[in-house]
1. Please state which of the following conditions Phe61 fails to meet, knowing it meets all the rest: (1) free of Cβ contacts under 8 Å to residues at least 40 places away in the same chain; (2) part of a helix (DSSP H, G or I); (3) surrounded by 13 or more Cβ atoms within 10 Å (Cβ to Cβ).
2. Can you name the condition, by its number, that Val94 falls short on among (1) exposed (fewer than 15 other Cβ atoms within 10 Å of the Cβ); (2) at pLDDT 95 or above; (3) β-branched (Val, Ile, Thr)?
3. Out of the residues in the stretch 67-83 that are outside any helix (DSSP H, G or I) and out of contact with any helix residue (DSSP H, G or I) (no Cβ under 9 Å at 6 or more places or on another chain), which is farthest from Ser18 (Cα to Cα)?
4. What pairs come out if I take residues in the stretch 46-58 that are free of Cβ contacts under 8 Å to residues at least 60 places away in the same chain and under 11 Å from Leu21 (Cα atoms) and pair them with residues that are buried (at least 20 other Cβ atoms within 10 Å of the Cβ) and among the polar types (S, T, N, Q) whose C-beta lies under 7 Å away, six or more apart or interchain?
5. Just to be sure I understand, how many residues within the stretch 77-90 are touching a residue at least 60 places away in the same chain (Cβ under 8 Å), of a type in the set (D, E, K, R) and over 17 Å from Ser53 (Cβ atoms)?
6. Looking at (1) among the acidic types (Asp, Glu); (2) buried (at least 16 other Cβ atoms within 10 Å of the Cβ); (3) touching a strand residue (DSSP E or B) at 6+ places or on another chain (Cβ under 6 Å), which one does Asp82 not meet, given that it meets all the others?
7. Restricting attention to the stretch 44-64, does a residue exist that is basic (Lys, Arg) and over 26 Å from Ala91 (Cβ atoms)?
8. Please specify each residue of the stretch 12-32 satisfying the condition of being in a helix (DSSP H, G or I) and of a type in the set (A, V, I, L, M, F, W, C).
Amino acid sequence: MYIVAQFHAKPDCEDLLSQALRAVVEPTRAEPGCMEIHVYRALRDPATFFIHSAWTNEEEFEIHATLPHTTAFLSRLPELIDHEARPVRCARLV
């Protein structure tokens with residue numbers, strides 16, 4: 001299972017959002033169910049960021065959502081982004 005999430009920073013919050021994303025990646029990589037996680041920044045819109053992660057199953061991702069580093073990241077998002085966070089659970093087609 002894969003998770004894709006897009007984040008668009010509020011004005012003057014690009015660096016803070018980048019720092020928050022980087023901070024959540026390392027502890028997430030250490031989780032048993034996380035196969036990989038990467039953060040991307042759009043080339044043509046530096047206020048837009050993405051997380052792409054792969055998980056062994058949905059149950060492991062549900063555990064991830066309750067861990068302190070995840071809840072701390074999620075609690076900061078409203079001050080950093082100009083929209084509601086909407087991570088999308090995906091399955092590979094090909």
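1. (1) is the only condition that Phe61 fails.
2. (2)
3. Only one residue fits best here, namely His83.
4. That search, which allows pairs on different chains as well, returns nothing.
5. Residues that pass the stated criteria total 2.
6. (2)
7. Within the stretch 44-64, one or more residues are basic (Lys, Arg) and over 26 Å from Ala91 (Cβ atoms).
8. Residues satisfying the conditions are Leu16, Leu17, Ala20, Leu21, Ala23, Val24, Val25.
The values are calculated or read from the model by the stated rules, or taken from the named source; none is laboratory data. Values in this document were obtained by computation on a predicted structure and should not be read as measured data. Cβ atoms come from the backbone with ideal geometry, glycine included; neighbour counts cover every protein chain shown.
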